[in-house]
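Report on one structure; see the data block that follows.
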Amino acid sequence: MKNTIKLNQKNLAEIANQIPCPTYNRTLLKTGIVHVGIGGFHRAHEAFYTDQLLQDQSVTEWGICGVALLDYDTKIYNTLKAQDGLYTLIIKELDGTHTKRVIGAITEFLFAPENPNKVIEKMASPDVKIISLTITEGGYNYNEATKAFDFENPLIQHDLEHPNTPKTIFGYLTQALKLRQERGLKGLTIQSCDNIQGNGHMAKRMLMSYVKTAEPELLAWIETNVSFPNAMVDRITPATSALDIETLKTTSNIDDAWPVVCEPFKQWVIEDHFIAGRPAWETVGAQFVDDVVPYEKMKLSLLNAGHSVLGILGALYGYSTIDEAASNADISSFLRIYMGNEVTPTLGHLEGINLKNYKFSLIQRFGNTYIKDQIDRICSQSSAKIPIFILPTVYAQLEQKGAIDHAAFIIAAFAIYSLGINEFGTQLIVKDAMETELNKKAIIARNTPEAFLEIESIFGTLKNNKTFVDTYISAYQNIVKNGIEKAVKDINSNVLNEI
Ligand code: CS2
């Protein structure tokens, strides 16, 4: 193999002979955005849109400073530092070709555990107009059982006791906003990019709960000086594999320690509520709307829930990628029935959206055989995903006495998945903040299936709903008695397979 070229600023001109690279002057960029959670999704989405904007227009105020909040983010921190914030985005097209570009929008990078004060100061910098977040569904510290902020979380207790060396996003934001207030600086926008219905509302509600205890006199200032737009974000971004890194070397001669791979589809629908200004992201494909709720509902309950359906069933069948699960005829029928009979009746009329086309496009996206999205990735942190992706459909359907059979089946399948092994003896990687509790209840559920529904921080009071519990138990028993494949066939039988 020819010598590969290491990806960094110095080598950019040489790399530009292989694939498109930023031609804007990165050294002129001021940091206007601090982004917390610098994983693959941010790099395939917000940083991608911002890079396009910096490339197409000569704006200089919207460079991104990436912040890694968690100890285990050392690897990404060291990698991006060594590469001057540069990385390759590899879009895996539907025909199997790869569209590649080096993304240059991330110009600064901070590792919070190493120097918390640097992060607080950066967030308080007068140039910064937006703090955006991809901190995952579980990162909002919301407890489904109490429907409130979880003050029991030891990390939150730590932040309350040590405000200058915080560990959670709530501690960081509070300190930074306090500094802005004390210094007479302007406010800014806190922009959630996580998969949560009303993600801006959730970010505000959780932050305000924390501030009320930590710095009550800051509440009024935040109310007037900080905005929290809701947004729907979308682009399937699997974990990067060793093969992806190798292929980039062999096909483009580029040595990038952590490229990002994603699907061609992308969507970003945002409420236009940016108190300190924003990049003109609409010029590069983002949609600004007055009300993002319908888009969020549609995406969370069809795409993200659809992913969980394929992931959980796929794991029980022994598959390892989403496209494998999607290409199984019975799983595919299951998904279509779930989307058509159980989710669609809860969505009502969505202004400006052709729901049928959307559902068809999802089937195509899930089936993209080049993406190889990992079932492990999709099933990870399901304890935080299920209450957001699937349970709102269940509650709405129970309320209107609609079908819940497939939703209850998925919860039963999740209870079995949480045993950490499928019926064929394959070990399942249950990567979940609640792993121990899930497993404990999953074991009890082998004799008493409803015991699994006692996990209140996931299921709230669902265990008291007889219709749901009966449907769930019967699905559970069917899976155990007949095996997953026959149970899926059974539940699909006699139901129209129409999305
Ligand atoms: C996935 C999402 O994490 C999950 O379970 O459903 O990461 C999904 O790929 C993205 O939201 C796509 O926009």
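Any residue that is of a type in the set (Val, Ile, Thr), modelled with pLDDT under 95 and in the same structural domain as ILE245 (by TED's automatic domain parsing) - is there at least one of those in the range 6-22? No - not one qualifying residue is present in the range 6-22.
Only helices (runs of 4 or more DSSP H) whose full extent lies in the range 1-62 are considered here, and the ones with at least 2 residues that are closer than 22 Å to ASP194 by Cα are 40-44, 46-56. Criterion first (buried (at least 23 other Cβ atoms within 10 Å of the Cβ), within 13 Å of the ligand (Cβ to nearest atom), β-branched (Val, Ile, Thr) and assigned to a helix (DSSP H, G or I)) does ILE312 satisfy it? Against the criterion (buried (at least 23 other Cβ atoms within 10 Å of the Cβ), within 13 Å of the ligand (Cβ to nearest atom), β-branched (Val, Ile, Thr) and assigned to a helix (DSSP H, G or I)), ILE312 qualifies. Here HIS201 meets each of (1) crowded, with 20+ Cβ neighbours inside 10 Å; (2) within 23 Å of the chain's Cα centre (by Cα); (3) in a helix (DSSP H, G or I) with one exception, condition (1). How many of the residues making up the range 226-244 are part of a helix (DSSP H, G or I) and either within 12 Å of the ligand (Cβ to nearest atom) or buried (at least 17 other Cβ atoms within 10 Å of the Cβ) (or both)? So the answer is 1. Scanning the range 148-165 finds no residues that are in a strand (DSSP E or B), in contact with a helix residue (DSSP H, G or I) (Cβ under 8 Å, 6 or more places away or on another chain) and among the hydroxyl-bearing types (Ser, Thr, Tyr). Annotation: GLU14 fulfils all but one of (1) without any contact (Cβ under 8 Å) to a residue 12 or more places away in the chain; (2) acidic (Asp, Glu); (3) in contact with a Cys (Cβ under 9 Å, 6 or more places away or on another chain); the unmet one is (3).
Residues in the range 78-129 that are surrounded by fewer than 20 Cβ atoms within 10 Å (Cβ to Cβ), polar (S, T, N, Q) and outside any strand (DSSP E or B): ASN78, THR79, THR97, ASN115, ASN117, SER125. ALA451 satisfies every condition listed in (1) in contact (Cβ under 8 Å) with a residue 24 or more places away in the chain; (2) crowded, with 17+ Cβ neighbours inside 10 Å; (3) not β-branched (Val, Ile, Thr) except (1). Return yes or no: is PHE334 surrounded by 17 or more Cβ atoms within 10 Å (Cβ to Cβ), part of a helix (DSSP H, G or I) and hydrophobic (A, V, I, L, M, F, W, C)? For PHE334, the condition - surrounded by 17 or more Cβ atoms within 10 Å (Cβ to Cβ), part of a helix (DSSP H, G or I) and hydrophobic (A, V, I, L, M, F, W, C) - is met. Could you tell me whether GLY483 is within 16 Å of GLY314 (Cβ to Cβ), of a type in the set (Gly, Ala, Ser), out of contact with any Phe, Trp or Tyr (no Cβ under 6 Å at 6 or more places or on another chain) and touching a residue at least 60 places away in the same chain (Cβ under 8 Å)? Taking the combined requirement at face value, the residue satisfies it. Applying a threshold of 8 Å to beta carbon distances and a minimum spacing of six or more residues, or different chains, the list of pairs starting in the range 39-66 at a residue that is in the same structural domain as TYR87 (by TED's automatic domain parsing) and over 14 Å from SER132 (Cα atoms) and ending at one that is more than 16 Å from the ligand (Cβ to nearest atom) and of a type in the set (Phe, Trp, Tyr) reads LEU53/TRP62; LEU53/TRP281; LEU54/TYR24; LEU54/TRP62; GLN55/TYR24; SER58/TYR24.
Which one is farthest from the ligand (Cβ to nearest atom) among residues in the range 355-399 that are of a type in the set (Gly, Ala, Ser) and closer than 19 Å to LEU94 by Cβ? The extreme case among them is GLY367. For the residues LYS75, LYS92, the requirement of being modelled with pLDDT under 95 and under 22 Å from the mean Cα position of the chain (by Cα) singles out LYS75. Note on the range 108-144: residues that are in contact with a Gly (Cβ under 6 Å, 6 or more places away or on another chain) and modelled with pLDDT under 95 amount to 1.
For PRO294, the test of being surrounded by fewer than 21 Cβ atoms within 10 Å (Cβ to Cβ), farther than 25 Å from ASN328 by Cβ, more than 16 Å from the ligand (Cβ to nearest atom) and touching a residue at least 12 places away in the same chain (Cβ under 8 Å) is passed.
The values are calculated or read from the model by the stated rules, or taken from the named source; none is laboratory data. What you see is a predicted model, and the numbers here were worked out from it, not measured in a lab. With ideal geometry, Cβ positions are generated from the backbone for all residues, glycine too; neighbour counts draw on all protein chains shown.
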